[in-house]
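Note sheet for the following structure.
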Amino acid sequence: MDIEHLSTKLEVHVGQYSDRGQKALNEDCLGYVIPDEPLLTTKGIAVAIADGVSSAEEGKEASEISVRSFLSDYYSTPDSWTVKTSAHKILAALNRWLYSQGQHHIQEDKGYITTFSSLVLKSRTVHLFHVGDTRICRLRDGDWEQLTNDHVAKIGRSKAYLARAMGIGLMLDVDYRALDVRSGDIFFCSTDGVHDWLNAKQIQQIVSKEEGDLTTKCEQIVRQAYDQGSYDNLSCQIIKVTSLPVESADDVVKRLADLPFPPFLKTGLLLDGFRILQEIHASSRSQLYVVEDVATSDKYVMKTPSANYEDDLAYIERFVMEEWIGSRIQSDYVVKVVAPIRPRKFMYSLTELVEGQTLEQWMATHNQTSNIQQIIHIVEQIAKGVRAFHRREVIHQDLKPGNIMINDHAQIKIIDFGSVHIAGIDEINTPIARDKILGTAEYSAPEVFLGAGATIESDFFSIGVIAFELLTGRKPYEGKLSQCHTLKDYQQLEYQRSTEFNSLIPDWLDKTLEKALSIEKKDRYDSLSEFLHDLRHPSRSYVYTNRLPLIERNPVRFWQIISLLLLLSQLTILYWFFVGA
């Protein structure tokens, strides 16, 4: 199973043309990629244009490297990443390389500097990335609009210089915009050799002509700019959107229902060459079986959808996406998805068979609250598994002991990703009404159940709940998380120190748990590396706080002690007064 149900009908026509003009060398570079499926759906169509800075000596190389690397590297980024994440990471890396090359050849007065503009059309959205004075404009229903701002600083009436460009500095500030797309939209990209010599009206007249292909129109624009005195390199692109995804729910139903749900499976039955050995879990949402491939004798876990949801599009999509994202997560702490070697006749997924029991079952049979180091080791593994999701820009959303396996050596694997949020897939337009609130209330962060959406900090909160429960045998906030329905409910919760339930827990570890379990998202850890460090080491803030005088560390406790001492001194004076009398 893959994501054919999201396959797009996005279609565009592209034309482009570049000329060195009056210069001996053409330092402009431009290009585009219209990939085949599934990349057309998951990554979209990418267009880029760059203008190398002549005074930088290596402007031609800088522009070519920027365009070619962006267009190739963009499609090598994980398809679970958003367009914004993919592009920003690539451009930041390209900028560092260009800057380092310029620094390496600084004695030779060589600089690798270029402007850069790109648009990525994905589903029904266009994503713009821009730095420098190349331009992206849009023609919609007869209205011409410049979508980018020129990063040019003017000195007086006649002098100007680039304020921002690729390769100028180590840090790159890229303009980003995401706009809706309509069928019939025309995007126009150009270097300053064109738009500095032709006004918008002149360009629009040529672009909007009914006759002529787009490449011919680009050539006409370049020739006209040249005839009007342009002494620079001249390059432009025209991108016309001819079709957008407009599928109905019925279209998606047909694609998702391509494979029927399996029948009820009994021990000994065969399904697509797999023998059912044992049912290991059954709920209203799914069934899990240990199966054996009759051809190889290899054993796997088969997950089948519940017949209760045969007409639930959102449920079926999540079931399909669970295998899709599972096949892209590579971690020793996440169960591995197995691709069947034979064609499927039914809807199901296969994973490796993990020996052991769920962490929920393990906690019910093990009293491990005294083994702090082992618990920290378990929590570290969970965090490392979650980090593999986050690196793919995926939020798990349903971390809980029942979704984690543990063996006799306390090695863990996350086994369920049916509730994950995949940022890159969420950008794709679909008529399916996807559930926004997923997960288990007693392990989920407040913002998730308040409808604000899950983030990486939400997963940190869930890890904090599991860690607290492992260390104390109790759930945090007196187990009242599942009883909260409003922001006020959550705000009225009070954190109970884990040390109250387990005296072996050091204070600094309790502070780590308290931070991970903060009701306010902004007060939690913002990186797993910091959380993992604090699991084994007192944080700087804790060490600093405990070095402060008591009056600064805990003013209330300080004045309570002072009051007690004053009372004792008064009682002592009274005692000696009466005894002496």
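Just so you know, all these numbers are worked out from the coordinates, no wet-lab data involved. As the structure is a computational prediction, the values presented were derived from the model and not from experiment. Because the Cβ atoms are built from the backbone with ideal geometry, glycine has one as well, and the counts that use them run over all protein chains shown.
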Evaluated at q = 0.12, 0.13, 0.17, 0.18 Å⁻¹: base-10 log I(q)/I(0), Debye formula over Cα of the range 4-246: -0.65, -0.77, -1.29, -1.42
Quick one, what does Rg over Rh come out to for the range 320-426 if you take C-alpha atoms and the Kirkwood Rh? 1.00
Using θ = phi - 60° and the Karplus form 6.51 cos²θ - 1.76 cosθ + 1.60, what ³J(HN,Hα) does each residue of the range 334-348 get, whole Hz, x for Gly and Pro? 10, 4, 8, 7, 10, 8, x, 8, 10, x, 8, 9, 9, 8, 6
When we measure straight from the Cα of Lys84, which lysines land under 18 angstrom away, once same-chain ones fewer than 8 places off are left out? Lys43, Lys122
Where does the chain land at 222 nm, in deg cm²/dmol rounded to the nearest 500, when only DSSP H runs of n ≥ 4 count, each adding -39500 (n - 2.57), divided by all residues? -10500 deg cm²/dmol
Using θ = phi - 60° and the Karplus curve 6.51 cos²θ - 1.76 cosθ + 1.60, what whole-Hz ³J(HN,Hα) does each residue of the range 88-101 get, with Gly and Pro shown as x? 4, 5, 5, 5, 4, 5, 4, 4, 4, 5, 4, 5, 5, 5
Burial order of peptide ranges 66-73, 47-54 (average beta-carbon count within 10 Å, highest first): 47-54, 66-73
Fewest first, what order do Trp324, Trp559, Trp144 take by the number of other Cβ atoms within 10 Å? Trp559, Trp144, Trp324
Picking from Leu234, Ile573, Phe188, whose Cα lies most toward the positive end of the charge dipole for the chain (charges on Cβ: Lys, Arg +1; Asp, Glu -1)? Ile573
So for the chain, taking the charge dipole from beta-carbon charges (+1 Lys/Arg, -1 Asp/Glu), which of Thr440, Ser498, Val334 sits furthest toward the positive end? Ser498
Listed with the fewest Cβ neighbours within 10 Å leading, Thr512, Thr365 appear as Thr365, Thr512
Anchor Lys23: lysines whose Cα lies under 21 Å away (excluding residues fewer than 8 positions away in-chain): Lys60, Lys110, Lys159
Cβ density ranking, 10 Å radius, fewest first, applied to Ser100, Ser331, Ser498 yields Ser100, Ser331, Ser498
In range of the label at Ala92: residues from the range 507-530 whose backbone nitrogen is under 15 Å from the point 7 Å along Cα→Cβ: 527-528
Rounded to the nearest 20 debye, dipole of the range 154-240 from Cβ charges on Lys, Arg, Asp, Glu: 320
The ³J(HN,Hα) series, computed from each phi in the range 217-223 with the Karplus coefficients 6.51, -1.76 and 1.60 at θ = phi - 60°, rounded to the nearest Hz and given as x for glycine or proline, is 5, 4, 5, 5, 5, 4, 5
Please state the charge dipole magnitude for the range 282-412, taken about the Cα centre, from unit charges on C-beta atoms (+1 on K and R, -1 on D and E), reported in debye and rounded to the nearest 20. 280
With charges only on Cβ, +1 for K and R and -1 for D and E, what is the dipole size of the chain about its Cα centre, in debye, rounded to 20? 1080
Among (1) 1.09; (2) 1.05; (3) 1.18, the value of Rg/Rh (Cα atoms, Kirkwood Rh) computed for this structure carries the label (1)
